[in-house]
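Step one of this worksheet: look at the structure below.
The values are calculated or read from the model by the stated rules, or taken from the named source; none is laboratory data. All of these numbers come straight from a predicted model, not from anything done at the bench. When we count neighbours, we look across all protein chains shown, and the Cβ atoms used for this are built from the backbone with ideal geometry, even at glycine.
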Amino acid sequence: MLNARKELNSIPDYIPGKSIDEIKEKYKLKQVIKLASNENPLGASPLAKAAYKKCVEKLHLYPRGSAPELVHKLAVKWKIKEENLIIGNGSDEILDLAARAYLNKNDYAVGASSTFSVYSSVTKAVGAKYKAFPLENFYYPIEPLLNFENAKIIFICNPNNPTGTYHKNEIIFNFLKKVSKDVLVVLDMAYMEFTGEKEPPLNKWIEQFPNLLCLRTFSKLYGLAGLRVGYGIASEQVIKVLKKIKLPFNSNYPAQMAAAAALRDTAFVEKSLKLNEAGREWLTQNLHKAGLDVLPSRANFICVKFGKRTPQIVEWLESKGMVIRFLGSFGMPEYVRITVGTALENKKLVGLVF
């Protein structure tokens with residue numbers, strides 16, 4: 001009998017949000033609204049789509065593994081050197097690279113108990129252990145992470161998925177000052193743009209904290225979830241280590257070109273942020289009116305308590321063509337995560353809830 005590594009037995013299967021086609025087939029529906037996976041309800045950046053279409057004549061060629069055009073544009077955006085950047089097949093891949101590069105068997109990584117499950121899975125996949133700390137009033141725990149002396153990696157999701165709660169830049173900065181320099185801090189900022197806060201000076205942060213790895217993505221704000229493009233910003237030392245184990249052609253050519261074009265689409269970005277801010281406020285207020293507890297979110301989703309009948313409610317909504325995310329796999333079985341949609345999609349959801 002062929003046996004896989006025993007460490008893999010401790011990794012639960014990843015449970016993604018249900019797809020539109022899956023719900024259509026299950027309930028024989030013609031129209032389904034998906035507010036489950038934090039995708040941009042406006043679709044992809046128009047400039048990104050145009051750039052993607054231009055790549056059709058080069059699909060037979062291998063991409064440049066270093067993604068030079070995209071890396072250059074990101075370096076200009078963040079005022080850093082190109083050597084401070086790595087492109088990933090989604091930021092998920094960079095999480096995997098970090099675990100494989102910095103964790104030995106039986107080492108520890110620490111993070112929250114209710115957060116993105118990939119932190120735990122990439123840790124366990126290399127034979128290391130994930131120490132989970134409970135959320136503090138639904139906020140990602142910060143100070144307790146410092147007290148676990150055996151940690152080799154600290155994972156921080158800010159804003160946190162799935163709660164949407166957020167620590168301000170100065171809190172993160174003060175935390176970083178307290179972390180031992182031989183511990184890698186992975187700061188996942190997938191939803192940072194939606195906070196409305198000023199971007200932290202990442203160029204200065206990675207210079208002051210050579211043990212910091214910041215993750216960003218094109219999946220959310222830029223609407224490129226289907227292309228899987230993420231990137232990491234860190235010291236040259238960390239980036240060199242990650243590139244040693246990165247696969248040669250991890251980011252495909254159309255994805256690179258679309259992401260580079262998306263960075264120029266300021267009109268789409270502004271429209272997306274305005275839509276999200278207005279929709280998040282509207283959903284929060286109206287779900288409060290329905291008697292539901294809504295956590296204060298700074299992301300492109302909200303976290304809502306439905307109570308003990310949450311699984312049944314989620315299934316009923318799906319039967320009506322409305323897909324939201326049940327948070328049982330996050331350790332929050334009485335809660336759901338709802339992506340902020342268009343005004344019409346938000347009204348449809350609230351109408352069903354009422």
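Residues checked against (1) surrounded by 18 or more Cβ atoms within 10 Å (Cβ to Cβ); (2) without any contact (Cβ under 8 Å) to a residue 40 or more places away in the chain; (3) in the same structural domain as Pro254 (by TED's automatic domain parsing); (4) not hydroxyl-bearing (Ser, Thr, Tyr):
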{"residue": "Asp21", "(1), (2), (3), (4)": "no, yes, no, yes"}
{"residue": "Gln31", "(1), (2), (3), (4)": "no, no, no, yes"}
{"residue": "Lys54", "(1), (2), (3), (4)": "no, no, yes, yes"}
{"residue": "Tyr62", "(1), (2), (3), (4)": "no, no, yes, no"}
{"residue": "Leu70", "(1), (2), (3), (4)": "yes, no, yes, yes"}
{"residue": "Ala75", "(1), (2), (3), (4)": "no, yes, yes, yes"}
{"residue": "Trp78", "(1), (2), (3), (4)": "yes, no, yes, yes"}
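If you go through segment 273-281 one residue at a time, do you hit one that is within 17 Å of the chain's Cα centre (by Cα) and at pLDDT 95 or above?
Yes, segment 273-281 contains a residue that is within 17 Å of the chain's Cα centre (by Cα) and at pLDDT 95 or above.
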Being in contact with a Leu (Cβ under 8 Å, 6 or more places away or on another chain), touching a residue at least 40 places away in the same chain (Cβ under 8 Å) and not in a loop (DSSP other than H, G, I, E, B) is the filter here, so list the residues in segment 326-342 that pass it. Tyr335, Arg337, Ile338, Thr339
Among the residues that make up segment 212-235, is at least one of them in a helix (DSSP H, G or I) and of a type in the set (D, E, K, R)? no
Return the residue satisfying two criteria in turn: it lies in segment 86-126 and is among the aliphatic types (A, V, I, L, M) and in a loop (DSSP other than H, G, I, E, B), and of such residues it is farthest from Val183 (Cα to Cα). Val126
So, in segment 335-352, how many residues would count as being within 24 Å of Tyr27 (Cα to Cα) and in contact with a Phe, Trp or Tyr (Cβ under 9 Å, 6 or more places away or on another chain)? 10
Are any residues in segment 311-351 among the aliphatic types (A, V, I, L, M) and either surrounded by fewer than 15 Cβ atoms within 10 Å (Cβ to Cβ) or within 13 Å of Trp282 (Cβ to Cβ) (or both), and if so, which ones? Ile338, Val340, Ala343, Leu344, Leu349, Val350
By residue number, the members of segment 239-268 that are surrounded by fewer than 17 Cβ atoms within 10 Å (Cβ to Cβ), more than 19 Å from Gly65 (Cα to Cα) and in contact (Cβ under 8 Å) with a residue 40 or more places away in the chain are Arg264
Suppose we filter segment 202-238 for residues that are farther than 15 Å from Leu85 by Cα and surrounded by fewer than 17 Cβ atoms within 10 Å (Cβ to Cβ); how many remain? 2
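Okay, residues lined up against (1) within 20 Å of Ser329 (Cβ to Cβ); (2) part of a loop (DSSP other than H, G, I, E, B); (3) modelled with pLDDT of 95 or more:
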residue	(1), (2), (3)
Asn3	no, yes, no
Tyr14	yes, yes, no
Asp21	no, no, no
Glu25	no, no, no
Leu29	no, yes, no
Ser37	yes, yes, yes
Only one of Asn286, Asn276 is surrounded by fewer than 19 Cβ atoms within 10 Å (Cβ to Cβ), of a type outside the set (Ser, Thr, Tyr) and part of a helix (DSSP H, G or I). Can you tell me which? Asn286
